[in-house]
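Notes for the one structure printed next.
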Amino acid sequence: MLSIRINTVVIIALAALQSGCNLQTTDLSQSLSKQLKTNAEEHGIPAQALMIKYNQKLLYSQVHGVSDTQTEKPVSKQDVFPVYSLSKLFASTLVMQLVEAGELNLSDPISKFVLNLPNAWANIRIEQLVNHTSGLPEYFECISFECKFPASIDLAYEQLKEAPLLFEPDTQIRYSQTNYLLIQSALENITKKPYRDLINNRIFKPIKMENTWLGFKDVPKSRLVTAYLANSGDTLKENKISFPDYAVSHADAYSSLSDLATFLSAMANGRLVSKPLLLDFWQPYQLSNGDTSYFATGWDYEKTGLWRELGHDGGGLVRVRLLFQKNLDNHFVIVYLTNGNEDGEWSSSLVDSMQYFIMPDLISRMATLI
């Protein structure tokens, strides 16, 4: 995976060089805005929002396109996007906070905190849940984008009680929303507080995230972009999947460009979890056979040259990325939001298309690794 990652970014960078782009002299804002337009045209993306920061300095903030293809309303920087699985980063952050407070260990079995689970789940550890190596099956299924959800978390567990694990824990990586339902239950049982209260009081309020919502109900609809499916084809198809109220730990969050940048900056500056502990948490998880996972305590983990990249995707449409080298003293924050596409272009590739513009020596460093 690492070699593929390096080559992907090199191809993007070399293509830019061949087109006459000079990383040292090209105006950053102009280059990024041009790339936003290119991405929209090549991939059929209706709305895009991009913010890039270096430490506390704002390097770029811009939107492109329309928030709804029927009304052709221009997207604005105040608009709210569904962020899907970026929700998991809030849950992961709570886990880190409880570890730092001594209320939880990543090696704890889930059965220590959640009772009456199937016997096969008893020894699954918290770290296996956040890193998707538990082997747990999915708690719902979707057919042709029609999804059926159990009426409650308890019923979700009940319906899975006879289902075997998909594999022995720590032998594979299999992304499953069930993992984060269990994390949510554990967090609530440890703290004796509802999950939404935990997120609001421990993350949103301390760093003043005032434009992020868990669940659809309270989102200001006048600011909400229309959600379209990834890989819609020539005609964008509206995404009408409606998550249940209890799905907020893994999917059903809505946020703005600036709020997500605020969250990543707060993480990088140690405001939510201490920096030394973050560096311990942000190491790629190891499978039982010694292979390296692409998760690090629930955060996507990649490396490009000397740079570590931590973040997450949401629905294949949005991505946040935090870049740093040995420590967090110097870091980049990238937030890239879209609301659909025609061809299924992966969010990581979209971020890659912007990333090399902010790292002038990226090509020379990566060339030594090929």
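The values are calculated or read from the model by the stated rules, or taken from the named source; none is laboratory data. Every value quoted in this text rests on a predicted model; they were computed, and no experiment measured them. Ideal geometry is used to build each Cβ from the backbone, glycine not excepted, and the neighbour counts take in all protein chains shown.
Brief remarks on what is shown
- Just one of the listed residues (42, 127, 138) is out of contact with any strand residue (DSSP E or B) (no Cβ under 6 Å at 6 or more places or on another chain), within 30 Å of residue 238 (Cβ to Cβ) and assigned to a helix (DSSP H, G or I), namely 42.
- Here the range 310-328 is the region considered, the condition is being in contact with a Lys or Arg (Cβ under 8 Å, 6 or more places away or on another chain) and farther than 18 Å from residue 250 by Cα, and the residue that is modelled with the lowest pLDDT is 325.
- Residue 259 being in contact with a helix residue (DSSP H, G or I) (Cβ under 7 Å, 6 or more places away or on another chain), more than 24 Å from residue 169 (Cβ to Cβ) and surrounded by 16 or more Cβ atoms within 10 Å (Cβ to Cβ): no
Residue-by-condition table, conditions (1) hydroxyl-bearing (Ser, Thr, Tyr); (2) assigned to a helix (DSSP H, G or I):
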position	(1), (2)
49	no, no
67	yes, no
77	no, no
81	no, no
91	no, yes
99	no, yes
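- Output for the range 262-272, where each listed residue is surrounded by fewer than 21 Cβ atoms within 10 Å (Cβ to Cβ) and either without any contact (Cβ under 8 Å) to a residue 24 or more places away in the chain or within 15 Å of residue 202 (Cα to Cα) (or both): 266, 270, 271, 272
- Taking the range 269-280 as the range and being of a type outside the set (A, V, I, L, M, F, W, C) and in a loop (DSSP other than H, G, I, E, B) as the test, the residues that pass are 269, 270, 271, 274.
- Applying the condition of being at pLDDT below 95 and under 15 Å from residue 355 (Cβ atoms) to the range 33-59 and asking which residue is surrounded by the most Cβ atoms within 10 Å (Cβ to Cβ) yields 59.
- Conditions (1) under 30 Å from residue 239 (Cβ atoms); (2) modelled with pLDDT of 95 or more; number of the one not met by residue 355: (2)
- The range 201-222 - residue that is polar (S, T, N, Q) and free of Cβ contacts under 8 Å to residues at least 12 places away in the same chain and, of those, surrounded by the most Cβ atoms within 10 Å (Cβ to Cβ): 201
- Residues within the range 166-189 that are crowded, with 19+ Cβ neighbours inside 10 Å and either in a helix (DSSP H, G or I) or at pLDDT below 95 (or both), tallied: 11
- Residue list for the range 281-340, filter: among the small types (Gly, Ala, Ser) and in a loop (DSSP other than H, G, I, E, B): 288, 290, 293, 298, 305, 315, 316, 340
- Matching residues in the range 299-344 - criterion: being among the aliphatic types (A, V, I, L, M) and either without any contact (Cβ under 8 Å) to a residue 60 or more places away in the chain or on the phi > 0 side of the Ramachandran plot (or both): 306, 310, 322, 323
- When 163, 230 are checked against the criterion of being part of a loop (DSSP other than H, G, I, E, B), buried (at least 19 other Cβ atoms within 10 Å of the Cβ) and either modelled with pLDDT of 95 or more or not aromatic (Phe, Trp, Tyr) (or both), a single residue qualifies: 230.
- Scan of the range 184-205 for residues that are over 18 Å from residue 263 (Cβ atoms) and touching a Ser or Thr at 6+ places or on another chain (Cβ under 8 Å), ordered by number: 184
- For residue 249: the one exception among (1) closer than 30 Å to residue 70 by Cβ; (2) buried (at least 21 other Cβ atoms within 10 Å of the Cβ): (1)
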